[in-house]
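Enquirer: Before I ask anything, here is the structure I am working with.
We did not get these values from a lab; they are worked out from the coordinates using the rules stated. Remember, predicted model here, so these are calculated numbers, not experimental data. Cβ atoms come from the backbone with ideal geometry, glycine included; neighbour counts cover every protein chain shown.
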Amino acid sequence: MKKIIFLTLLLTMTQVHATVKLHKIFGDNMVLQRDVEIPIFGYSDGNMPIKITFNGITKTAEVVAGKWKVYFPKMNAGGPYDITVEETNKVLLNNVMIGDVWICSGQSNMEFRLSYSNAYKNNSVNFNNNNIRFYEVKKAIASTPKDEMPNQSATWQVASKESIKSFSAVAYYFADILEEEIHVPIALIGSYWGNTTVDKWIPKEPLSKDIKLATILDDYENFQEEYPIRKEKLDNEFNEWQAEKLKNPKAKMPWKFKKIHATKGSGEEDDFARPSALYNAMINPLIEFPIKGVIWYQGESNAKTDEMAVFYEYLFSNLIISWREKWAVNFPFYYVQLASYGKVEQKPSNSVWARLRESQANALKLKNTGMAVAIDLGEESNIHPTYKKLLGERLALQALKNTYNKNIVSNGPSFKEMKIEGNEIRLMFNNTGSGIIAKAVLLDTHQLNSNELLGFSICGEDKIFVWAKAKIIGNQIIVSNPNVKNPIAVRYGWADFPLCNFYNKEGLPATPFRTDSF
């Protein structure tokens, strides 16, 4: 009898001190995805039923292995609402909206702060918008997929000039256009990290099961094996740097000595070189949270060699496929093609950045994808161009056309086919809009005028490309060079920083392309 009384008392004490918690993605000011069943989920260290009340509906959830989850019916856009979650304690969420939720991911150009953008500095946009909410995932690395975001401290916020200034510029301008056009709350979940290659954002399953992708894991294993040698060398260099610092105390520590870089390949939990590490910590915790779609800006860190640039198409396509599989939804995935960057070449030449742009364009073979061309928004010596408002708007055009079914032109001209006609090549295009033009445009410090169509090169059977004369006839372009009598191929915008000015009349730049496969 005493044993029964003791166990009953122990159970009662456990329930009294039981605490219900929500997953960290839930909070005041958040936006929940409209037109889908709405999951609300979290944790409890007790076993009493959890009561959740939302929009006049009350649901009960059972605790299983410390977790609970409940679904509410589909709801239209609107709000604000309160949500209460009750066990022995009570959690109240205020100012909750129903709308569209977009994940914003990639590397530093997606991370690029709004306050650094030209429009913010010029104070040319009203950033106070109660219908735009945002949430930034804290940077974290993990060796295995996490259900919860490690050390997450950020909360949902309502957009204002002060609150939004450190958030993604591209993401905000994207949301600003969407909210203005479709008049529903827009949520942005920022999950990005500068200087990251695409493999860090791909789940491990496709990397381990696909023969082509398995090389990523093999390379990482080899990198780990070499770590002791690298560490010894780096330690010696660090000691030398410390000695130099005594002479110059104001000297900044080189990036390679900072822990995040110095421990690459160590195999530890926070190893920044680990494939899937960022997916595990910064994307996987979000997959139970319904979303409308994804916007993505990444690729610079994969534009190192021709081999990497070509392989990017396969890697990037697998990222899109794998994320959709994780969410079990074929959501829209819109991304930015790399902007121009690097010195202007005087002659046509090979370009790793052009090859990576080609890989990005080829990923459009996947359904429900769209690409914002940025070839005219780069800077020669700045890998982080500041024209983020235009980029956000071009991403928004993709969503408005393809997701929200607006009758608009969302793309610039894209290559369709060519015909060789003697010593000329005739080019045909898709997405010509209301017509094609040579546009007067300033590319960093290079002013191009509208009376000459630039950016085209041509080659004969020798496969040596030379600059070409290009003229517009209707919605087609005739390309030639008097020194190329028997042309076989044309390239456009094929350079790290090409001087090119081919647009449609809607002001959208043509996608760089080549007709060859040399």
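Enquirer: Starting from the Cα gyration tensor of the range 204-273, take the square roots of the eigenvalues, sort them a ≥ b ≥ c, and report rounded, prolate or oblate (rounded when a/c is under 1.5, otherwise prolate if a/b is larger than b/c, else oblate).
Expert: Note, shape of the range 204-273 comes out prolate.
Enquirer: OK, next. Which whole-number percent is the relative contact order of the chain (Cα, under 8 Å, 6+ apart)?
Expert: 13
Enquirer: Oh, and also: So between THR215 and VAL329, what do we pick up on full extension, going 0.36 nm a residue minus the alpha carbon distance?
Expert: Between THR215 and VAL329, full extension yields an extra 38.2 nm.
Enquirer: Using the count of nearby Cβ atoms within 10 Å as a rough guide to exposure, how do MET75, MET97 rank from fewest to most?
Expert: Neighbour counts put them in this order, fewest first: MET75, MET97.
Enquirer: Further question on the same structure: Can you put SER191, SER163 in order, fewest other beta carbons within 10 Å first?
Expert: Listing SER191, SER163 from fewest to most nearby Cβ atoms yields SER163, SER191.
Enquirer: Would you mind pulling out the separation of the Cα centroids of the range 390-416 and the range 152-209, in Å?
Expert: Between the Cα centres of the range 390-416 and the range 152-209 lies a distance of 19 Å.
Enquirer: Moving to a separate point now. Return the long-range amide H neighbours of HIS23 (sequence gap of 5 or more, or a different chain), with a cut-off of under 5 Å between placed amide H atoms.
Expert: Excluding prolines and chain starts, which carry no amide H, the hits are PHE41, GLY42, TYR43.
Enquirer: Which one, (i) 1.12; (ii) 0.99; (iii) 1.07, gives Cα Rg over 2.2 N^0.38 Å as derived from the coordinates shown?
Expert: Label (i) holds the value from this structure.
Enquirer: Further question on the same structure: Kindly identify the range 406-504 as rounded, prolate or oblate by the Cα gyration tensor criterion: order the square roots of the eigenvalues as a ≥ b ≥ c, call it rounded if a/c is under 1.5, otherwise compare a/b with b/c, prolate if a/b is larger, else oblate.
Expert: Note, shape of the range 406-504 comes out oblate.
Enquirer: Along Cα→Cβ, 7 Å out, is where each label goes; now give me the distance between the ones at ASN130 and ILE57 in nm to one decimal.
Expert: Each label point is offset 7 Å from its Cα along the Cβ direction, giving 2.5 nm.
Enquirer: Further, regarding this structure: Taking 60 Å as R0, compute the FRET efficiency from the Cβ-Cβ separation of ILE473 and ASN47 and round it to 0.05.
Expert: Efficiency, rounded to the nearest 0.05: 0.20.
Enquirer: Show me, for the range 76-87, the HN-Hα J-couplings you get by feeding each phi into the Karplus relation (A = 6.51, B = -1.76, C = 1.60, θ = phi - 60°), rounded to Hz, glycine and proline as x.
Expert: 7, 4, x, x, x, 10, 10, 10, 10, 10, 10, 10
Enquirer: Rounded, prolate or oblate: which one fits the range 150-247, using the alpha carbon gyration tensor with axes a ≥ b ≥ c (rounded when a/c is under 1.5, else prolate when a/b beats b/c, else oblate)?
Expert: Oblate shape, in that a/c is at least 1.5 and b/c is the bigger or equal ratio.
Enquirer: Going down the table (LYS67/LYS204; LYS138/LYS256; LYS139/LYS259; LYS419/LYS485; LYS347/LYS439), which pairs top 20 Å between alpha carbons?
Expert: Going by Cα-Cα distance, LYS67/LYS204; LYS138/LYS256; LYS347/LYS439 fall outside the 20 Å limit.
Enquirer: If you don't mind, another one. Fewest to most neighbouring Cβ within 10 Å: what's the order for SER434, SER108?
Expert: Going from least to most buried by this count: SER434, SER108.
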